[in-house]
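Every number in this text was worked out from the coordinates using simple rules, so none of it is lab data. What you see is a predicted model, and the numbers here were worked out from it, not measured in a lab. Note that each Cβ is placed from the backbone with ideal geometry, even for glycine, and that neighbours are counted across all protein chains shown.
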Amino acid sequence: MSEAVRSTRSAAASSHVEAAASYRQTGRTASGRRIQLEARGLKKSYFKAGHEIPVLRGVNLTVQQGEFLAVIGQSGSGKSTLLHLLATLDGADAGEVWLDGMRIDNLPRRRRDALRNRKLGMIFQFYHLLPELTALENVLAPLMIAHGLWSWLRHRRSHVQNARRLLEQVGLGQRWQHLPRELSGGEMQRTAIARALAPGPAVLLADEPTGNLDQHTGAEIMQLLRSLNRQHGLTIVMVTHDLANAQQAHRVVRLVEGRIESA
Amino acid sequence: MYKYLLCWRYLRSRYIALASIVSVTLGVATMIVVNAVMAGFAREMQQRLHNILSDVVLESHSLEGFRDPEWHMELMQRAAGDDIERMVAAVHVPAMLSFQYGGRGEWITRPVTLIGIDDEAPEQAAEFRQYLQHPQNRKQFSFRLRDGGYDVYDHQAQDRGTPRPEMRHAGWTHRRRMAELRRAAAQFGRQSPDASSQQGAHDHRAAEDEQSSTPSVPDDAELRGGDTARPAQRPSRAARSADPFARGGTERRFDPRTEQHTGLVMGIGLASFRLEGTDRFLLLPGDDVRLTFPTAGTPPRAVDDTFTIVDFYESKMSEYDSSLVFVPLRRLQELRGMIEPETGIGYVTSIQIKLKPGRELNQVRDKLRALFPPQLYSVSTWRDKQGALLAAVHMETAILNVLLFLIIAVAGFGILAIFFMIVVEKTRDIGILKSLGAGGRGIMGIFLFYGLLLGLVGSGAGMVLGLAFTQNINAIADALGRLTGRPVFDPDIYYFYEIPALIEWPTVTWIVLGALGIAALASVLPARRAARLHPVEALRYE
C-alpha cells in the first residue's frame, strides 16, 4: 500500500534538487526539519461595489516538511483565500509564497501551472471531481495534464497502475470505473485525495475536506489524511472551521482578522 | 491528453451540442444535394446542347447564304485543318409548317426553323441520328419512310418512359391506312375536295379506331347544325387548299399508298402534345405536311412544297424539339433557288464544324474568324450560342451556394451560443482543471477541439446524408410523388426522365471544409472565454 506513495514521493524528491541550493537560506526550524512552504506577509483584499474589503492583512506562515498544519477560522475569515494564494491559484496584493526554498508567487504563469500540477495537491470541500470522468480518470487527470498525447500513450500503463494503487490506498480499489455521481460523498473525497496524490506532490492543500460530510465519514477522511501524513511524511495544510478536526493536526493556527494567531 | 478525453466525453454527454450542429448537417447535406443536382443539370444540358449544336458554326448573316460551301471549307481546312475533324454545310431558313388535323380538315400552321441537311454525307452528325425515333434511322439515316417499327417506348428513357401507343402504327402502315380512309371518304362523296388534296387530312385517333373516322364529319355537321356558316365555308377553304396540288394531279396521279413526298424529320414537339403524362400525336411518320418558306433572292418570295414525315427528332431540349424541321439539303436548295443554273454550285447559309477532341474552341473560332469578313459571316462556338443559358445555370448555382452557406453560417452562430452555454455550465470544471495545473491554452484547446469535433460530426453526417440523398434522389422523388400524389419531378416539364445528379468531389470537399471551418471559428470565442476564466472565481462558481 505504501509503495505507490513512496515511489511518487521519491520522484517528487528528485525534482526538488533544483531547489536544494536555495533552501539553505530559508533555514531550518528548531526541530531541525526543513521548511517546505512559507507565506511571508501575504495581503489580499477584494473590491466590492468600490469598497476595499481586506481579507488577509499580512499573513506569515511556515510549514515544515512532514507537518500536518490546520488553519482554523470563521467563515469568511480568508482561510480559502490563503489556501488559494499558497497554491498560486490567485495572486496576492503583497507578500511572497515560498516552496522548497523557491519563491513561487511571482513565477510566470506556465511555471506556476506546472508547479501546481506536480508539487501542490489540492482537495476541496465539494470534492471538485470532473463529472464526465470515472474515478480512475479523475485520478489520472493531473497526469494527463502533465503529459502530451504521445508521452501519455507511452507511459499510460504505468500511470494507470499507479492510479489504481492510489485508489486502493484510499479504499476505493473496486470502484475505479464509477462516475462521481455514482459515488458517495466520502468516496468522492477519497477519489479527490487520490487525485491530489497522483503526481506525487510536496504539499497537500486541503480546503475544508470534511465540510460537506457527516461526522462519521468526515472522521474517516481525517484518519486517511493523518495516516498519509504519518506513514508517508506528506506535508498537509488543512483549513477548516471545525476545531475537533483541526485538533488532529500537529499544529493549529487561527486566522483572525486577516492575521495568523497561534492557537 | 486530457483535452481529447474531455472533448470525447462532452461529445457523448452533451446532446444539446449535437442538436446545435443539426443545422450544420442539414446545411452540408443540402449544399451537396443542390450542387450535385445543379452540376448534373448543367452537364446534361451541356451535353444536349453540344450534341445538337456543332462545335463551331460559320454562318452567313443573310438568308441568301453564301456561294460555294466547298470553297469555304477548303479555306478553313487550310487555316485550321489540324483542329477540324469534319465540316457539313447546311441551310437554315425560317419557315411555316402547315398541316391538316382532324376529320374536319382543320389547318394548323406553325413557325419553324427549316434546316436543310446533307443526308448523303456519311458522317452526317451521329449526334443528330441518335435523337430519331426509328432504330434503323439511328444507325443509318435516310429520308425514306420506313415500313414501321418506330419506337413505342422512348429509347432515351431507359425503362421509365411512358408508352406512345400511336407510334406503333407509324410508317407506311399508317400512310396506307390514311390513304385508304381518305379514298373511302372521297367515294362517300361528302369530302371529295379534301380527299383529292391527298393532304394529311385525317384523324390519327381514327386510324386506330376505324369506325369513328368516317362518321366524324356528319356527326360534326349535325352537332353544329345551328351553325350554318361553317359547312358553307368548308368547300371554299378546301378548294383553296387543294389548289396547289392541281399540277400534281395534271401531270401524274400521285398514289399516297405507295409513294412519298420528299422526306422530312420534324421536332417531336411540333407533332405532339402532352396530355396527362403521355404524348398524343397530331401527326405521325407517314403523314404529309406543307412547308412555306422564302426563296433566296431579293425580294424573297414564298414558295411551298409538300413533304412526308419520315421520323421525329427528340433531343429533349424543348426549344429545339418544338422548332426544328430537317429536310434534304439539295431539295431545299432547289426550292429556294440556291443553285446556280449554269454551274450547279450551291449556296448554303451555314457550315457546321466539328473539331477534333480536346481542341480549344475559342482558339479555333478566332482562327476562323480571321478568314472571313465579319460584315458577312459570323463564326461562333456552341458555347457562344447557348452561353446565356449555361451562364444562367452557373449563376443560379453560385447564388444558391451563397444562400446555403449562409445557412451554415447561421448554424455557426447557433454553435457559438450553445458553446457559451457549455462554457458557463462547465465553469467549475474549468476551475478544477486550472487548480490541477491545466494552462489557459489547454482549456482553450478543449473547446476548440470540441468545436472541431462537433463540426466533424456535423459535416460528416451531412456529407453522408447528402451523398445518400443524391445517390437515391430519384427513388426519393418517386416516393415523395407517391406520398403526395403529385410527381415531384415531372419529366413532362423538364424533359429529363431522371433528376440528373453529378457528385463533384472537389465541391463536396470544399463544402465539408467550409462547414468545419465555421464550426471551429464559432468555438473560438467561447474557448477564449473559458481560457481566461479566473481559476478561483471558476472554482467558486455554483
**Study point:** Net charge of neighbours whose Cβ lies under 10 Å from the Cβ of A:His147, counting Lys and Arg as +1 and Asp and Glu as -1
**Key:** +2
Study note, to complete from the structure: Square roots of five times the C-alpha gyration tensor eigenvalues of chain A, ordered largest first and given in whole Å, equal 28, 22, 18
Review point. Which residue fluctuates the most in chain A, going by a Gaussian network model with Cα springs under 10 Å, if the choices are A:Ile53, A:Ile193, A:Ile221?
Key: A:Ile53
Check your understanding: Which of A:Leu82, A:Val59, A:Met102 sits farthest toward the positive end of the charge dipole of the range A:2-262, with +1 on the Cβ of Lys and Arg and -1 on the Cβ of Asp and Glu?
Key -> A:Met102
Check your understanding: What residue among A:Tyr127, A:Leu166, A:Ala146 has its Cα farthest toward the positive end of the dipole of the range A:112-171, where the charges are +1 on Lys, Arg and -1 on Asp, Glu, each on the Cβ?
Key -> A:Ala146
Practice item. Return the percentage of antiparallel bridges among DSSP beta bridges fully within the range A:2-262, rounded to the nearest 5 %. Key: 55
Revision key, fill the gap. When B:Tyr2, A:Tyr127 are arranged by how many other beta-carbons sit within 10 Å of their Cβ, fewest first, they go A:Tyr127, B:Tyr2
Exercise for review: Scan the range B:8-89 for GluC sites (Glu not before Pro) in coil per DSSP, keeping those whose Cβ has at most 11 other Cβ atoms within 10 Å, and list them by number.
Suggested key: none
Check your understanding: Other chains' Cβ within 10 Å of A:115-122 residues: what's the mean?
Key -> 3
Point to revise | Hits among lysines - C-alpha to C-alpha of B:Lys316 under 30 Å, sequence gap 8 or more where chains match | key: B:Lys139, B:Lys354, B:Lys356, B:Lys385
Point to revise | lysines whose Cα lies under 24 Å from that of A:Lys48, excluding same-chain neighbours fewer than 8 positions away | key: A:Lys79
**Study point:** Cα radius of gyration and Dmax for the range B:407-542 (Å)
**Key:** 22.0, 70
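Taking the Cβ of each residue in B:Leu355, A:Leu225 as the centre, tally the other Cβ atoms inside 10 Å and list the residues starting with the fewest.
B:Leu355, A:Leu225
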